[in-house]
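The values are calculated or read from the model by the stated rules, or taken from the named source; none is laboratory data. The structure presented is a predicted model; accordingly, all values stated were derived computationally and were not measured. No Cβ is skipped: glycine too gets one built from the backbone with ideal geometry, and neighbour counts run over all protein chains shown.
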Amino acid sequence: MRFHTYIDWTLEEHPRPFYVGKGNEGRTRNPERNNKHKHVRKQYGFNREIVFTSDDERECLQKEVELIAEHHTFVNDELATEVACNFTLGGEGASGFKHSPEACETIKLAVIQRYTSSEERKKTSEITKRWCQTPEGHEHMNQIRHKWKETEEGQIKRSQAHSGKHNHMYGKRGENHPTSKLTQQQANEIRTRLLVETVASLASEFSVSRLTIRRIRNNQIYVL
């Protein structure tokens with residue numbers, strides 16, 4: 001089987017490389033990759049250039065690693081542009097494939113820099129925020145949130161986030177409740193008049209339900 005290593009370029013006046021990949025004939029012909037890649041293709045157009053071909057998949061994977069580093073298409077590369085679409089340093093996809101010592105060192109240094117450099121973390125955050133603001137990124141994040149909410153952990157955390165003091169209605173009772181139709185003074189008046197008047201007449205006069213009058217009488221709401 002023949003394998004190819006290719007570079008995707010924008011169709012701007014000055015084309016920029018934005019993705020390096022490896023694949024067989026079928027995968028190389030298929031333009032679909034990740035959501036950011038789709039967004040860049042739509043915005044800038046793209047041309048796929050096959051730069052290396054071999055029957056040895058490992059050679060193509062190694063070439064992929066080298067080209068990602070050379071063209072700075074890894075999103076966390078310090079020289080990457082906003083169109084960079086490789087979310088890994090390459091070399092994945094082959095069963096039993098092992099990186100060369102040089103590639104392993106490159107990956108190791110990139111990971112260390114990513115998690116220890118404040119500037120790198122800031123840059124990663126900015127890249128992620130920009131991507132999340134695109135239609136594709138927004139849709140992707142919504143799918144992740146929806147899946148997370150369906151998990152037991154998500155349900156527990158969502159419940160905790162809206163319970164007790166975290167709830168926007170916490171402590172809002174009686175006349176402080178946003179949907180309250182009565183003041184505390186009116187509720188006190190109703191309690192007094194219930195001694196001689198009916199629930200129905202007071203409900204009609206104050207434009208509230210009979211249940212509300214009964215709950216005032218039983219000191220369940222507008223508590224004294």
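Of the listed requirements (1) at pLDDT 75 or above; (2) among the acidic types (D, E); (3) in a helix (DSSP H, G or I), E197 misses just one: (3). The listed residues are I190, I213, I144, I156, and the only one of them that is of a type in the set (A, V, I, L, M), at pLDDT below 90 and over 30 Å from R33 (Cβ atoms) turns out to be I156. Counting only residues that are more than 14 Å from Y6 (Cβ to Cβ) and not charged (D, E, K, R), how many does region 66-90 have? Of the residues in that region, 13 qualify.
Screening V40 with (1) under 22 Å from E139 (Cα atoms); (2) touching a residue at least 60 places away in the same chain (Cβ under 8 Å); (3) of a type in the set (V, I, T) gives one miss only, at (2). Among the residues of region 74-87, are any hydroxyl-bearing (S, T, Y), surrounded by fewer than 15 Cβ atoms within 10 Å (Cβ to Cβ) and touching a residue at least 40 places away in the same chain (Cβ under 8 Å)? Within region 74-87, one or more residues are hydroxyl-bearing (S, T, Y), surrounded by fewer than 15 Cβ atoms within 10 Å (Cβ to Cβ) and touching a residue at least 40 places away in the same chain (Cβ under 8 Å).
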